[in-house]
Amino acid sequence: MKKIKIALDGPSSSGKSTLARALARELSIIYVDTGALYRAVGLYMVRHGIEPKDAEAVTAALGGVKVELAYADGVQTVLLNGEDVGGLIRTPAISMAASAVSAIPAVRAFLLGLQKDMVERGGVIMDGRDIGTVIMPDADAKLFLVASAEARAKRRWLEMTAKGVDCSYEQILSETVARDEADSSRDIAPLKPAEDAILFDNSALNIEETVAEALRLIREKGAHE
Ligand code: DC
(Lines give C-alpha, C1' and ligand atoms only; values in the text may rest on other atoms or scores of the structure.)
Protein backbone atom coordinates (compact mmCIF):
# COMPACT_ATOMS: atom_id res chain seq x y z
CA MET A 1 0.00 0.00 0.00
CA LYS A 2 1.16 3.50 -0.81
CA LYS A 3 2.51 5.32 2.23
CA ILE A 4 0.70 8.60 1.84
CA LYS A 5 1.84 11.90 3.24
CA ILE A 6 -0.63 14.63 4.03
CA ALA A 7 0.22 18.17 5.12
CA LEU A 8 -2.32 20.25 6.98
CA ASP A 9 -2.04 23.89 7.94
CA GLY A 10 -4.19 26.85 8.79
CA PRO A 11 -4.65 29.59 11.37
CA SER A 12 -5.10 28.98 15.08
CA SER A 13 -8.45 27.54 16.15
CA SER A 14 -9.25 26.39 12.63
CA GLY A 15 -9.69 22.84 13.95
CA LYS A 16 -6.43 21.51 12.47
CA SER A 17 -5.59 18.99 15.15
CA THR A 18 -9.14 17.66 15.44
CA LEU A 19 -9.27 17.21 11.68
CA ALA A 20 -5.77 15.66 11.53
CA ARG A 21 -6.68 13.15 14.23
CA ALA A 22 -9.92 12.18 12.46
CA LEU A 23 -8.20 11.86 9.06
CA ALA A 24 -5.43 9.73 10.56
CA ARG A 25 -8.09 7.36 11.91
CA GLU A 26 -10.01 7.24 8.61
CA LEU A 27 -6.89 6.63 6.53
CA SER A 28 -5.08 4.37 9.04
CA ILE A 29 -2.04 6.63 9.13
CA ILE A 30 -0.18 8.38 11.97
CA TYR A 31 -0.94 11.91 13.08
CA VAL A 32 2.31 13.68 13.90
CA ASP A 33 1.50 16.66 16.11
CA THR A 34 4.53 18.87 15.44
CA GLY A 35 3.31 21.63 17.79
CA ALA A 36 4.06 19.22 20.67
CA LEU A 37 7.76 19.36 19.74
CA TYR A 38 7.87 23.16 20.08
CA ARG A 39 5.88 22.85 23.30
CA ALA A 40 8.43 20.38 24.73
CA VAL A 41 11.29 22.78 23.91
CA GLY A 42 9.27 25.62 25.51
CA LEU A 43 8.73 23.52 28.63
CA TYR A 44 12.45 22.81 28.92
CA MET A 45 13.27 26.55 28.78
CA VAL A 46 10.62 27.46 31.35
CA ARG A 47 11.80 24.73 33.70
CA HIS A 48 15.38 25.95 33.43
CA GLY A 49 14.51 29.60 33.96
CA ILE A 50 15.45 30.56 30.39
CA GLU A 51 13.40 33.35 28.82
CA PRO A 52 11.76 31.70 25.74
CA LYS A 53 12.05 34.93 23.72
CA ASP A 54 15.80 35.18 24.34
CA ALA A 55 17.08 33.65 21.09
CA GLU A 56 20.70 33.57 22.23
CA ALA A 57 19.99 31.89 25.58
CA VAL A 58 17.51 29.43 24.05
CA THR A 59 19.94 28.53 21.28
CA ALA A 60 22.74 27.94 23.80
CA ALA A 61 20.47 25.72 25.95
CA LEU A 62 19.43 23.43 23.07
CA GLY A 63 22.48 21.25 23.74
CA GLY A 64 20.73 19.95 26.86
CA VAL A 65 17.52 19.07 25.04
CA LYS A 66 16.55 15.72 23.58
CA VAL A 67 13.06 15.42 22.10
CA GLU A 68 11.64 12.13 20.87
CA LEU A 69 8.30 10.90 19.58
CA ALA A 70 6.79 7.49 20.25
CA TYR A 71 3.55 5.99 18.94
CA ALA A 72 1.29 3.29 20.36
CA ASP A 73 -2.07 2.54 18.72
CA GLY A 74 -1.72 5.77 16.72
CA VAL A 75 -1.42 7.88 19.87
CA GLN A 76 1.61 10.15 20.07
CA THR A 77 3.82 10.48 23.13
CA VAL A 78 6.40 13.27 23.29
CA LEU A 79 9.49 12.60 25.37
CA LEU A 80 11.70 15.36 26.75
CA ASN A 81 15.02 13.91 27.84
CA GLY A 82 13.26 10.58 28.26
CA GLU A 83 10.30 11.92 30.26
CA ASP A 84 6.74 11.74 28.90
CA VAL A 85 5.70 15.40 29.05
CA GLY A 86 2.37 15.06 27.23
CA GLY A 87 0.42 16.09 30.30
CA LEU A 88 2.50 19.22 30.97
CA ILE A 89 2.65 21.01 27.63
CA ARG A 90 -0.95 22.18 27.13
CA THR A 91 -1.00 25.02 29.67
CA PRO A 92 -1.33 28.68 28.61
CA ALA A 93 2.21 29.40 29.89
CA ILE A 94 3.71 26.63 27.77
CA SER A 95 1.64 27.75 24.74
CA MET A 96 3.28 31.17 25.06
CA ALA A 97 6.73 29.63 25.50
CA ALA A 98 6.19 27.33 22.48
CA SER A 99 5.11 30.26 20.35
CA ALA A 100 8.23 32.23 21.37
CA VAL A 101 10.74 29.42 20.80
CA SER A 102 9.11 28.52 17.47
CA ALA A 103 10.21 31.92 16.12
CA ILE A 104 13.90 31.11 16.79
CA PRO A 105 15.66 29.71 13.69
CA ALA A 106 17.99 27.44 15.75
CA VAL A 107 14.95 25.78 17.35
CA ARG A 108 13.34 25.15 13.97
CA ALA A 109 16.62 23.70 12.69
CA PHE A 110 16.94 21.59 15.84
CA LEU A 111 13.49 20.00 15.29
CA LEU A 112 13.88 19.58 11.54
CA GLY A 113 15.65 16.20 11.50
CA LEU A 114 13.11 14.54 13.77
CA GLN A 115 10.24 15.76 11.61
CA LYS A 116 12.01 14.70 8.40
CA ASP A 117 12.48 11.22 9.90
CA MET A 118 8.73 10.98 10.42
CA VAL A 119 8.15 12.03 6.80
CA GLU A 120 10.56 9.35 5.59
CA ARG A 121 8.46 6.67 7.28
CA GLY A 122 5.42 7.81 5.29
CA GLY A 123 1.83 7.03 6.21
CA VAL A 124 1.61 10.33 8.06
CA ILE A 125 -0.50 13.42 8.40
CA MET A 126 1.35 16.37 9.91
CA ASP A 127 0.10 19.80 10.84
CA GLY A 128 1.98 23.01 11.44
CA ARG A 129 2.96 26.17 9.70
CA ASP A 130 5.94 25.00 7.66
CA ILE A 131 4.76 21.46 7.00
CA GLY A 132 3.70 21.93 3.39
CA THR A 133 6.70 24.09 2.52
CA VAL A 134 9.77 23.00 4.53
CA ILE A 135 9.05 19.65 6.18
CA MET A 136 6.98 17.89 3.53
CA PRO A 137 7.23 19.80 0.23
CA ASP A 138 6.49 16.53 -1.59
CA ALA A 139 3.30 15.72 0.34
CA ASP A 140 0.64 13.85 -1.67
CA ALA A 141 -1.98 16.35 -0.56
CA LYS A 142 -1.69 19.70 1.18
CA LEU A 143 -4.75 21.18 2.81
CA PHE A 144 -4.84 24.70 4.16
CA LEU A 145 -7.84 25.46 6.37
CA VAL A 146 -9.16 28.99 5.96
CA ALA A 147 -12.16 29.40 8.28
CA SER A 148 -13.13 33.03 8.88
CA ALA A 149 -11.96 34.74 12.09
CA GLU A 150 -15.64 35.02 13.12
CA ALA A 151 -16.29 31.28 12.65
CA ARG A 152 -13.13 30.34 14.57
CA ALA A 153 -13.83 32.80 17.38
CA LYS A 154 -17.37 31.43 17.69
CA ARG A 155 -16.08 27.84 17.93
CA ARG A 156 -13.53 28.85 20.55
CA TRP A 157 -16.18 30.79 22.49
CA LEU A 158 -18.57 27.79 22.46
CA GLU A 159 -15.73 25.50 23.56
CA MET A 160 -14.75 27.77 26.48
CA THR A 161 -18.36 28.40 27.50
CA ALA A 162 -19.04 24.63 27.50
CA LYS A 163 -16.09 24.26 29.88
CA GLY A 164 -17.71 26.84 32.18
CA VAL A 165 -15.16 29.59 31.40
CA ASP A 166 -16.73 33.06 31.49
CA CYS A 167 -15.56 34.95 28.38
CA SER A 168 -16.88 37.32 25.74
CA TYR A 169 -17.15 36.48 22.04
CA GLU A 170 -15.98 40.00 21.09
CA GLN A 171 -12.79 39.62 23.09
CA ILE A 172 -12.01 36.21 21.60
CA LEU A 173 -12.66 37.60 18.12
CA SER A 174 -10.25 40.49 18.63
CA GLU A 175 -7.59 38.08 20.00
CA THR A 176 -8.10 35.81 16.99
CA VAL A 177 -7.67 38.69 14.54
CA ALA A 178 -4.55 39.91 16.39
CA ARG A 179 -2.99 36.43 16.40
CA ASP A 180 -3.73 35.97 12.67
CA GLU A 181 -1.98 39.25 11.97
CA ALA A 182 1.06 38.34 14.12
CA ASP A 183 1.25 34.82 12.66
CA SER A 184 1.02 35.97 9.04
CA SER A 185 3.49 38.82 9.33
CA ARG A 186 6.27 37.17 11.32
CA ASP A 187 9.57 36.66 9.51
CA ILE A 188 10.25 33.11 10.64
CA ALA A 189 7.81 30.48 9.34
CA PRO A 190 4.90 32.85 8.74
CA LEU A 191 1.43 31.41 8.33
CA LYS A 192 1.12 31.17 4.58
CA PRO A 193 -0.22 28.40 2.31
CA ALA A 194 2.19 26.43 0.12
CA GLU A 195 1.72 27.31 -3.56
CA ASP A 196 0.24 23.90 -4.28
CA ALA A 197 -1.97 23.75 -1.18
CA ILE A 198 -5.72 23.29 -1.54
CA LEU A 199 -7.48 26.11 0.30
CA PHE A 200 -10.33 24.63 2.29
CA ASP A 201 -12.84 27.00 3.88
CA ASN A 202 -14.69 25.10 6.60
CA SER A 203 -16.40 28.16 8.17
CA ALA A 204 -19.86 26.74 7.54
CA LEU A 205 -19.02 23.09 8.28
CA ASN A 206 -19.17 21.13 11.51
CA ILE A 207 -16.46 18.59 12.29
CA GLU A 208 -18.15 15.60 10.59
CA GLU A 209 -18.74 17.65 7.43
CA THR A 210 -15.16 18.97 7.59
CA VAL A 211 -13.74 15.43 7.75
CA ALA A 212 -15.97 14.22 4.88
CA GLU A 213 -15.02 17.17 2.69
CA ALA A 214 -11.30 16.80 3.51
CA LEU A 215 -11.42 13.11 2.54
CA ARG A 216 -13.13 14.06 -0.73
CA LEU A 217 -10.41 16.65 -1.47
CA ILE A 218 -7.64 14.15 -0.66
CA ARG A 219 -9.20 11.49 -2.90
CA GLU A 220 -9.79 14.03 -5.67
CA LYS A 221 -6.08 14.82 -5.52
CA GLY A 222 -5.49 11.13 -6.16
CA ALA A 223 -3.54 10.83 -2.93
CA HIS A 224 -5.63 7.95 -1.64
CA GLU A 225 -7.79 5.33 -3.35
O1 DC B 1 -0.16 23.66 17.23
P2 DC B 1 0.33 24.09 18.62
O3 DC B 1 -0.51 25.17 19.24
O4 DC B 1 0.50 22.92 19.56
O5 DC B 1 1.79 24.68 18.37
C6 DC B 1 2.57 25.22 19.42
C7 DC B 1 3.36 26.41 18.88
O8 DC B 1 4.35 26.00 17.94
C9 DC B 1 2.49 27.45 18.17
O10 DC B 1 2.91 28.74 18.59
C11 DC B 1 2.80 27.25 16.70
C12 DC B 1 4.19 26.67 16.69
N13 DC B 1 4.43 25.70 15.63
C14 DC B 1 5.28 26.03 14.62
O15 DC B 1 5.82 27.15 14.60
N16 DC B 1 5.53 25.12 13.63
C17 DC B 1 4.96 23.91 13.62
N18 DC B 1 5.23 23.04 12.65
C19 DC B 1 4.05 23.56 14.66
C20 DC B 1 3.81 24.49 15.65
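Between beta-carbons, use under 10 Å as the cut-off and find the net charge around ASP183, counting Lys and Arg +1, Asp and Glu -1.
Neighbourhood net charge equals +2.
Can you order the peptides 70-77, 150-157 by their average number of other Cβ atoms within 10 Å per residue, highest first?
Peptide ranking by packing, descending: 150-157, 70-77.
How big is the range 66-208 on each of its three principal axes, counting only the C-alpha atoms and giving the largest first in Å?
42, 37, 33
Just to verify a number: FRET efficiency for LYS66 and LYS192, C-beta to C-beta distance, R0 = 30 Å, to 0.05?
E(calc), rounded to 0.05, equals 0.45.
Put a dot 7 Å past each Cα toward the Cβ at LEU88 and SER168; how far apart are the dots in nm?
3.7 nm
What share of the DSSP beta bridges in the chain is antiparallel, in percent to the nearest 5?
If I count the DSSP bridges inside the chain, around 35 percent turn out antiparallel.
Quick one: pull the percentage of alpha-carbon pairs in the range 153-206 with a separation above 14 Å.
68 percent
Take a quick pass over the range 1-115 and tell me how many lysine pairs come in under 26 angstrom between Cα atoms, counting only ones 8 or more apart or on separate chains. The partial results should precede the final answer.
Numbers: LYS2/LYS16; LYS3/LYS16; LYS5/LYS16; LYS5/LYS66; LYS16/LYS53; LYS53/LYS66.
Summing the qualifying lysine pairs gives 6.
Rounded, prolate or oblate for the range 27-82? Axes are the square roots of the Cα gyration tensor eigenvalues, ordered a ≥ b ≥ c, and the cut-off for rounded is a/c under 1.5.
It is prolate, given that a/c is not under 1.5 and a/b is the larger ratio.
What length, rounded to one decimal in nm, is gained on full extension from THR59 through to ALA109, with 0.36 nm per residue of separation minus their alpha-carbon distance?
Residue separation times 0.36 nm, minus the Cα-Cα distance, leaves 17.0 nm.
Express in whole angstrom the spacing between the alpha-carbon centres of the range 81-104 and the range 1-74.
9 Å
At 1.4 Å probe size, with every protein chain present, just tell me what the per residue accessible area of the chain comes to in Å².
Each residue of the chain exposes 51 Å² on average to a 1.4 Å probe.
Heavy-atom accessible area of ARG21 with all protein chains present, probe 1.4 Å, nearest 10 Å²?
120 Å²
Carbon-plus-sulfur fraction of the accessible area of the range 93-225, 1.4 Å probe, in percent?
Solvent-exposed carbon and sulfur of the range 93-225 make up 55 percent of the total.
Need one word for the range 87-160: rounded, prolate or oblate. Basis is the Cα gyration tensor (sqrt eigenvalues a ≥ b ≥ c); a/c below 1.5 gives rounded, then a/b vs b/c decides.
Verdict is oblate for the range 87-160.
Determine the sum of side-chain charges near ILE135: Lys and Arg each +1, Asp and Glu each -1, restricted to other residues whose C-beta is under 12 angstrom from that of ILE135.
-1
The values are calculated or read from the model by the stated rules, or taken from the named source; none is laboratory data. The structure presented is a predicted model; accordingly, all values stated were derived computationally and were not measured. Every residue, glycine among them, receives a Cβ derived from its backbone with ideal geometry; neighbour counts consider all protein chains shown. Only protein heavy atoms, including side chains, enter the accessible area calculation; ligands, DNA and RNA are left aside. Shrake-Rupley method; radii C 1.70, N 1.55, O 1.52, S 1.80 Å.
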